[in-house]
Structures are given as structure tokens and as C-alpha cells.
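Below is one structure, written out as C-alpha cells, with a few remarks after it.
The values are calculated or read from the model by the stated rules, or taken from the named source; none is laboratory data. None of these values were measured; they are calculated from a predicted model. Cβ sites come from the backbone with ideal geometry, for glycine too, and all protein chains shown count toward neighbours. Keep in mind that these areas ignore ligands, DNA and RNA; they rest on the heavy atoms of the full protein, side chains included. Shrake-Rupley method; radii C 1.70, N 1.55, O 1.52, S 1.80 Å.
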Amino acid sequence: MAIISKKVCMIGDFGVGKTSLIRRFVERQFSDQYLSTVGVKISRKIVNLQHLEVDLSQEIKLLIWDIEGQTKFKAIASSYLQGASGILVVADSTRQETIEHLQDHVKQFVAINSNGMIAVALNKVDLVDPEDIEQIRKNMSFSEHQVLGIYNTSAKTGQNVDHIFETLAFKIWRQDNR
Amino acid sequence: MPLPQENPVSSSHQDSESPSNPTVDSPQTPESLEGLFSLLDDLDLMEKPAPVSPPPTPKPPQKNRTKAPPPPKNSLSSSKQKTKTRKIISPLPPPDQPKTNGRGNTEDSTSVSPAPKTPLESAPSPEGQPLSEGRGNTEDSTSVSAAPKTPLESAPSPEGQPLSEEAVEQLRALFLDLLLGDNNYPANELEAKVAQLEQELHSPNTLNRLLSPGFLQLFASQVNQAPQEVVQALFPIIDLVIGAKSHQDTQAMSKALASAIPGAFSKQLGDAPDEIIQAIAPAMGRAIKEQIRLEKDAMVDALYPVIGNTVSKYMEEVVSQINQRVESAFSLQGIYRKIRAKMQGVSDAELILSESLPFTVQAVFLIHKTSGLVIAEVQQEGNDTTLEADMLAGMLTAIRSFASECTVHPENTSELTEIDYENFKIILEVAGYCYIAAVTQGDPPPAFHTKLQQTLSAIILNYGYGNLIEEFNGNPDSIPRAVYDLLKAILNSPLELEPEKPTSSKPRGVLIIFLLLLLLISVPLSLYRARQHKIQQQITTVLNALSTTPELALYRLDATIEKNQLILTGKLPNSYLQEKAAVVAGSIVPDLQIDNQILAVQVPPDPTHIEAEVRRHTSVLNRIGGVYIIAVYDPIDNKVSVEGSIRQASAENIVTEAFIQIPGVTQVIFRLSDRLLPVKERIYFDPNATNISQNDRDNKLIPLVDFLQRYPYIKIRLIGHTDASGDEQYNRTLAPRRAEVVKDALIAQGIQAERLETKGDIGSPPDVAATDPFWKSRCVRFELIGLIETNE
Ligand SMILES: Nc1nc2c(ncn2[C@@H]2O[C@H](COP(=O)(O)OP(=O)(O)OP(=O)(O)O)[C@@H](O)[C@H]2O)c(=O)[nH]1
Ligand SMILES: [Mg+2]
């Protein structure tokens, strides 16, 4: 079966760890250094859906667009989100405002592609108490049916990183093949 | 005169500290007076030696001191004068004792401050010495804070005149008067103050506070009068000061300098730009290198917009240089080249350049416009490096987005057409949902652009149906083999055009004769050439503008200029595009008249007419058994998309025939399924309710949103119904309310409000009978009502 390519985007505020999550997922590396992304950077990785469903031998090539984070002065350019089958919306669980902005990012994407899949990552959980994370999650909810779920991730420890990308890939594929 | 000075001193202390003093008042006066007298003498002297160097000054104080001790009764003291004076008073107010030892009581220092300030203001001028050396001196001056001020202020130092004998006498009398006549001013208090002030003077804080205003004043006047000297004085240490300060507190120093530096920098840039450049150039290079090392991509992204311009500018220069050289060379070969250049409509320089760099195509990609996914790719075999198609396509797409994001004028729909990358060139040919990117080496001849256009048109016309390209899902298997073959043709024969218009491939012999003829008229030709060159340039920009307008990009249009007239020729599928072409061209060459000779083939009456026809046919076709369809007309591509279900295959042909015969429709596209059409669905409500169930949201609204997004031209009407039960008046508001609720839900999913019209109907839908169950009437149904107005 041919490998199917899909575009996914990472969006979120600056410094939440978008680049780090990709780096962990694609290169299996992490660095504490912060080099803010300028413009767009594209990475690629092939995901085998067998990880999620054993009898599924489909491979998905994810083209992951790492888009520069939103700052107070600059919104995320919508044109980069066009044609994306899914997005990973990332927040930094140590910065409340980045969590508050998740909703806006989700809305921005839904307005561009109402069919796209959305996974929400509460990143840097390695820095926060598990109880605090629970508290944060309690206060979060998304009415958009495209949102697959909220995942606690850490680019540093690797927690849930593969899982969130693979789930996103799987749901995207499922949507095409219902 | 001294009064104002005294007042603050006395007022604050009098009540609190010396209630018992008045009794001892008279015995102490002589001592106080002595002090005063000596002070006056002192002052007198101080005025005199002013021009003399400081060292002699100790002498007069000596005299002063000798004069002062006799009157005091206590002769036991061998210690310094200071202690002596204090001892005189100490027996009476014992609390004073600790104060002497203490480092100046804060309470005190504040209350006394106004007085000592004055004498000290002038003190530094004869140099700090009197302060540190002759303690007696300081004590004196502070003992009655007011006193020193008088002479110094009133005997203006500019003249350096000593006070006259009489004046001194008068002052003396005045003081006597003051001290003896005024009971409010007990002597022992004065003594206390003396002690206190003295202490304060030894505290660095107080000194600092006291000195600073005067010092500043002095400094300012010095700077004013003899700036050069001040500079001289500060010069040797200023760097030390800065160095030490920066060492001690880098942050504060940076803060202090930060505001000044930008100004200084720009000033210096204005005054001596070369120096600045000299200074920073070496560091600059290193900084850039370091940044590239740290994050290359960021750097490339940041520089990208500039690089494009720079390269093309550079190329322009090179071309014009070569042009000059060629112009002067009157060799036979030169003339021959000139003629060829003329024939190809390019400058000879370009021709030379292209001759020297053979043109080859390395790879061709068909790329999905929004996602940047590679729809199809072909690459030159035997290449040692294969290009990473996904990454290249992704990046090109991102760059296109970036460029469009950056365009200043939104109405100026500019399009990225070319990227120069060292010895590669990536040439882009963009259509509605996809674009071709060809990676080439050498200078692409104009025919190559035509080749790309032709290929893209062929792909879209032949394989663009069924939304294959628009909704490319990333599966390369969904793309027909033929698309690859078309791309391969670009790779292998990049300049071979479809025999649409006969190209200049005439036999050689004819060419040579033709050349000889041309040679005869080469002189007038070269005169003519300059003008032609300009015209050619104008034509090129017009054609560029036309081919970068998305709707026109696919069609081959031509332009010529004749006597201030721009003549447009070619074929377009409708009059709307025909006019659009004229508008685009007119905006590029506003000073030329436009003669629009473009043919609108199959000139459609009007998109709205076609649309009406399509709907009429749809309703007729739906009467055929097993046919449940809706048909939507797309005015830009002139195609009709048919959705729904058709049970018998034979009926499909009937449907196709019906639509294709409508003038203006060029294509019929099917999108059939067994499911009910989203617009045929209805949203049902509970009695009196207006909320949409989750089930209806997921299964009816979402497909409807998809449908509306697929056909961005259509408008729908939402009709809310109520059942026959209930109050009619109530139902009149409920029916439209239901339609509004559904409308809001669609808007929330991104559908524009202009496309949704609402209406309420308290009756049942047309196909629901009065005998049917009530729930069938509690619904919102949808009707297609046509195309939205597209301006232009
Ligand atoms: N402890 C911890 N640090 C993280 C994690 N993820 C990212 N970081 C750190 O957070 C900083 C920012 O990470 P980036 O990945 O560059 O953030 P970004 O979202 O790409 O930022 P922009 O490109 O500016 O939008 C870096 O210093 C990372 O090392 C994590 O899971 N745990
Ligand atoms: Mg980043």
C-alpha cells in the first residue's frame, strides 16, 4: 500500500515547545536551549499505524509544519494552516496564558478547515505537579468535535510525544477511510 | 539679617530640649560671645586671605584661638578646643554626653540642616582643607549657623573686600543684641547645637548631603567658565571611572548608556560612516556566521525576501554589461546574433547568456497548492542527488504563503513565479488548486514557460475532475499514470510545444536567405530596436500580470502594442474573464488604450442564466425514477457538479447530456453516493424547542457544512417550520427562530452569513401531509437559492 502523505501543523504561543516536540518525535532528541522559530520549518516522519491498530499496515508520511509561535505582536498566519489535515495545538502547562490561548488557536484552525483533526498538548508536564495538571485539565473543555483529546506531554521526557502524533495520524487516516 | 537663619534652629529645639536653660542664661553669654567674636574675626580674616593660598590660613585661626581661651573659666582642658567648648556646657545637660559620642543623631541632623548648609556651600571654594584640618574652624562656623552666611553673602567675594571696621562693629552690636536681649535663645542650647552640628559634619552622610548642592553649583559654574580645564582635570580618570563602574555594576551602567548609544550611533553614522563601518565590520561577519551556525533555517527565512531581489538585481547588471560589450562589437557573428535575438524577442545579452548555459530540467513536481503535498513528481535519472520532493514542495508552499502574506496591496494578487538558488532555478506555474515547480539549470527560454502552462492546463482539464486534485488526499495511487507522463515530457523535451501555434522551425536555407535580407536593413533596424525593446518589455509585464492572475493563469493570451494601443488576443471561456483580462492589462499600462480582441468562446449568456437553467434541469431530472440529485454550477470553471444518487447507470448519461447541452457548461462532474444529500436533510426539533440534537449536528449539519464548503458559490435558504399544535402567534416567532438557530450553527462552523437566508413557515413542509405525525413538521429544511453575487 502506498504511503499517504499528510500535512499537519504545530500551533501555539511562542516558547511552548512546538519545535521541541517535533525534535523529540523526529530526531529523538531534546535540548534546553531555546531558539525561537522564524517563519516555518518543515519536518517529516513516517508513522506506521500498526502501533495503534495491529492489523493495520498503513503508513502515513507526516509533513509537520512548525510554525512560529504567536506573540503579542504577531498572530499566526492563517495561510500556513491551509491544507493541513490536522493540527497539534500546544500550550505550556507552566504558563497560564498559553493555555488560555488554546481556544483561539483551535477556532482559527476550524475556521480554515472544519474537517481537520485537532490534538491538544499540555506540554512541559515534567515541570508541573501532577495535581496541578489535573486542576488545569478540569478547567479546560473544547466544544469542537474535531478535538481528539488533551494530552499531557513532555518533550523533555518524551511522555506521550509519539502517542499524540500517532493518534493524530490515525484519526486523519480514519477520516479519509470511513 | 541673621534672623531668618536662626529661626529654624531655635524653633525646633527650644521647646523640647531646653526648658530649664533660661536660668543659666547670663553667665554663659560671655563665652558664647567670645565664640562669636572670634568667629567674626575669623570671617574677617577669611575674606582677606582668599587670594592667598590656603596654608597660611591656619595662622589667623591660631590668633583666634588664643583669643578665645582666656575667657573660659576652665583651663584644665588640654584637649582640643572642640571638647573644651563642650565641657563648658556639659555639666548642665547630661543627656548631651551620649550625643557627642554618637554619630550624629538623625533627628538632629534633619532639624539643623538648613543652617549649616549655607556656610558649607561656600566652604569648598577655599578648598576642603579647613573642613578636615582645622576643626576649630568648623566648629566655629557651625556654632551659630547663621553667622558665616552673612559675611559671605553680603560681602560679595567678587570684590574680595574685607568688611569695614564699622560694619564689623555693627554686626557685633547686632549679635550682642540678639543674644543678650533675646531670652528665647539660651546659650547652652547653642552650645548643644554646636556639638551636634560638629558631629554631623563628621558623618559622611551628612557631609555628602551638605556638600552636594554647592558642589554641583560650583561644578556647573566651573564648567561654564573654563570647560577646557574641567575636561583636563577629569580626562585622566574618566576611563577609570567608567571601567570601575562597569565592573561593579554592569547592568546599571548598561542602563545608563543604553539610552544614549542609539543616538550617538546614528550621529556618528551621519558624521563619519566609514569609521563606524571599519569598527563593526569584523565583528559583524563573525556574528552572522555564528547565527548561521546556530540556526541556519531561521537565517535563511529571515534573508529570503531580500535574496530574491538581490539576485535579480545582480543579474540585471550582468545582462546590461554584456549588452554594452556586444553593442560595440560589430563582428559578423555579432550581427547574426542580433538578428536572432530580434527574432526571439530578447536582448542579445540574454541570448549570449543562454547560449553559454545550456538549459536543462532536473525535476518537475506537481504540488498541491494549500497543503504543499507532492501530487506527482518526476526527476532526471542518473542524477547523483535526488531532490527531497516533500521537503522542497513544503518549503516552496510555505514561501508562497509567506510571500502572499507579505504583499502590501491586497488587490495586487502577486504570485511567486521563480526562485533562484545558486545555479538552480525553480520555476513555478500556478493554477487554482495546484502548481508545477520545475527545477532547472541554465536560463529558461520563454518557450519553457509556455510548456509549463500547456502541461498544467492539460492536467487540469483532463485529470482535474472529481476534485482529484482539489481534494488530493496524499495518496499517490489516486493520481493517473498519464499525469506522470505529462510531467516527464517537461523533463525530457522542455521546449517542445504543442502544435498550437507554428513555431519558428523553418528550414535552414530559408532562414539564411531571410537573414541576408535582414542584414540589408540592419542599420534602420538597430534604430528601431531601442523602441521595440521598450515595447517588448511592456508586453512582457502585461503578459506576466495576466498569467499571474489566478483565473487567467491557464489560458494562453497574447499582447501587442501598436501606436499607443495594447491589443489583447487569445481565447477565454467567457466574457467575464475576457473583461477581467482587459482590466488587469489596463492596470499595468494605464497610459495605453486597450483593444480587447480576446475571443470569449462559447460566450455564455450570463452565469445566473446558466445557473437557472441548471436548476430547471435538475428539477426535471429528479422526476426520473431513481434519480435524486442536486446540481451546482461553478461559474469560474464552467462546470456542473452533480451530487446525490442515481440508481441506474443509464440515467447517468441522460443527466450528463442534459447539463452539457446548456451553453456555457463545459464539464459535468459526478459525486454520487447512496446517502441522502446534505441539503435534502432536515433538522428536527422537540415540541417548542429550538435546540439542535447532537445527532443532527454530527450527521446532518457537518455534512452540510462540507457541502457548502465544496461549493462556495451557492446560497441556501433555511426554512423553519412548526407543527399545527400550539398558539399560532407563538409559532410565528418559533418558526423563524428555528431557522436562525441552524443558521448560527452553520456560521459557527465557518459558513459566511451572506450565504444563508432564513425564513419561518408555521405550516408543514410541502411534502408533509396534515395526517402525518407532528414531528415531521417541527423542522428546518434547506433550499438552494442560487449563486452568491461575486463582485466582478
Ligand atoms: N522542561 C521542559 N522544557 C521544555 C519542554 N518543551 C520545550 N521546552 C523548553 O522550552 C523552550 C522553548 O521550546 P521551543 O520548542 O523552542 O518552543 P517553540 O514553541 O518552538 O517556540 P517558538 O518557535 O518561539 O514559537 C526551550 O528552552 C525548550 O528546551 C518540555 O517538555 N519540558
Ligand atoms: Mg519553535
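Total Lys pairs in the range A:22-131 closer than 20 Å by alpha-carbon, pairs eight or more apart in sequence or interchain only?
Close lysine pairs under the 20 Å cut-off: 5.
In nm, to one decimal, how far is the B:Arg717 label point from the A:Tyr34 one, both placed 7 Å along Cα→Cβ?
5.7 nm
In the range B:678-791, with Lys and Arg counted as +1 and Asp and Glu as -1 at Cβ, which of these residues, B:Ile747, B:Ser693, B:Pro766, has the Cα nearest the positive end of the dipole, that is, farthest along it?
With unit charges placed on the Cβ atoms, the residue in question is B:Ile747.
Counting Lys and Arg as +1 and Asp and Glu as -1, what is the net charge of the other residues whose Cβ lies under 11 Å from the Cβ of B:Glu377?
-1
Quote to one decimal, in nm, the extra length available between B:Asp485 and B:Ser725 on full extension: 0.36 nm per residue of separation minus the C-alpha distance between them.
Length difference between fully extended and current span is 79.8 nm.
Filter the trypsin sites (Lys or Arg not before Pro) in the range B:570-677 down to the DSSP loop ones having no more than 15 other Cβ atoms within 10 Å, then list what survives.
Qualifying residues, ordered by number: B:Arg623, B:Arg647, B:Arg675.
Running a GNM on chain A with Cα contacts under 10 Å, which residue among A:Ser79, A:Ser36, A:Ser20 ends up with the highest mean-square fluctuation?
Greatest mean-square fluctuation among the candidates belongs to A:Ser79.
What is the calculated FRET efficiency for B:Leu497 to A:Asn115, with r their C-beta to C-beta distance and R₀ = 60 Å, to the nearest 0.05?
0.90
Quick one: if the Förster radius is 56 Å, what FRET efficiency do B:Thr771 and A:Asn48 give, using the C-beta to C-beta distance and rounding to 0.05?
The pair B:Thr771/A:Asn48 has a calculated efficiency of 0.45.
In the range B:618-732, what percentage of the DSSP-assigned beta bridges are antiparallel, given to the nearest 5?
Approximately 55 percent, going by the DSSP bridge assignments.
B:His247 versus A:Asp104, label points 7 Å from Cα toward the beta carbon: distance in nm?
Distance between the two pseudo-spin positions: 4.9 nm.
Compute the length gained on full extension between B:Asp271 and B:Thr608: take 0.36 nm times their separation in residues and subtract their Cα-Cα distance, giving the result in nm to one decimal.
114.6 nm
Under the definition of partner shielding as Cβ atoms of other protein chains within 10 Å of a residue Cβ, what is the mean value for peptide A:108-114?
That average works out to 3.
Buried accessible area for the B:A pair, summed, 1.4 Å probe, in Å² rounded to 100?
Chains B and A together bury roughly 2500 Å² of accessible area.
FRET efficiency for A:Val26 and B:Ile636, Cβ-Cβ distance as r, R0 = 45 Å, nearest 0.05?
So the FRET efficiency works out to roughly 0.70.
Need one number: nm distance between label points at B:Glu229 and B:Arg671, each 7 Å from Cα along Cα→Cβ, rounded to one decimal.
That separation, rounded to one decimal, is 9.3 nm.
Can you tell me how much longer the chain between B:Glu657 and B:Val583 gets when fully stretched, taken as 0.36 nm per residue apart minus their C-alpha distance, in nm with one decimal?
23.1 nm
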